[in-house]
1. Only helical DSSP H runs with n ≥ 4 go in: add -39500 (n - 2.57) per run for the chain, normalise by residue count and round the 222 nm mean residue ellipticity to 500 deg cm²/dmol.
2. How big is the Rg/Rh ratio for the chain, C-alpha atoms only, Rh by Kirkwood, two decimals?
3. Among 136-142, 106-112, 86-92, what's the highest-first ranking by average C-beta atoms within 10 angstrom per residue?
4. Through the Karplus equation 6.51 cos²θ - 1.76 cosθ + 1.60, θ set to phi - 60°, convert the phi angles of the range 4-9 into ³J(HN,Hα) values in whole Hz; use x for Gly and Pro.
5. Using the beta-carbon distance between Ala16 and Tyr53 and R0 = 22 Å, what value does 1/(1 + (r/R0)^6) give for FRET efficiency, to the nearest 0.05?
6. In what order do Arg78, Arg131, Arg14 fall by count of nearby beta-carbon atoms within 10 Å, going from fewest to most?
7. Per-residue HN-Hα couplings for the range 30-36, Karplus 6.51 cos²θ - 1.76 cosθ + 1.60 at θ = phi - 60°, whole Hz, x for Gly and Pro?
8. Taking amide hydrogens as modeled 1.01 Å from N in the peptide plane, which residues meet the under 5 Å criterion relative to Leu21, leaving out close sequence neighbours?
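Read the figures in this text as sums done on the coordinates, not as results from a lab. This is a predicted model, so every value here is computed, not measured. As a convention, Cβ positions derive from the backbone with ideal geometry for all residues, glycine included, and neighbour counts pool all protein chains shown.
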Amino acid sequence: MRVYWPTTLPALARLADAAELAAAPVTVHAVTPALRDFYADADPRDLEEELEYVAMTDAAGESVRLLAAEAGSAAPRRVVLALDVPDTAVQVERAGWAAPERSQVRLTVPLSLDDLASVHVDDGEAAADVRTAVAALPAADAGDEDAQFAVEACEGHDLLWYDAGELPILLSVGP
């Protein structure tokens, strides 16, 4: 099963030489039954790709929260790793309708670089919106609609796609 793990460039750089990215259990995002139910009326021809995009977007939202936790030290770019794990290692964590919980799952196996399929990162043009989103998180969490809009503005930027083999190059370039 394809899962999406939110991280940051500095965190990823710290893990680049490690075989294990995160110990089990670890929370990631994936196409869940709740997500499928939420998009029940979508065009079935594009449904699987659309659902995976939503799961990745939910993970990108979590990356903003990780950036806020690394205030001042993190490059202002969302990072999501796409990894392929055994279906049997995935447990639905929550069955609610709210985003991003609609796509959250818990893995019973550690995340490994061997499972890496691709890396998704904001380009430099997203940096200002990501910085604004990080700063707006506390107010957004408190219910401020303008702050929520600022946080959601990040979603207007598509993440760039990198092959798993390009990870060392991506990390050497830096922010």
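1. Numbers: 6 runs with 66 residues, N = 175.
Rounded to the nearest 500, it is -11500 deg cm²/dmol.
2. Values: Rg = 15.7 Å, Rh = 16.5 Å.
Answer for the chain: 0.95.
3. Values: 136-142: 15.0, 106-112: 17.3, 86-92: 12.3.
The packing order, highest mean first, is 106-112, 136-142, 86-92.
4. Couplings: 10, 10, x, 7, 9, 4 Hz.
5. Numbers: r = 26 Å, r/R0 = 1.19.
The computed FRET efficiency comes out at 0.25.
6. Details: Arg78 28, Arg131 14, Arg14 11.
Exposure proxy ranking, most exposed first: Arg14, Arg131, Arg78.
7. Taking θ as phi minus 60°, the curve returns 7, 6, 10, x, 5, 5, 4 Hz for the range 30-36.
8. Result for Leu21 returns Leu111, Ser112, Leu113.
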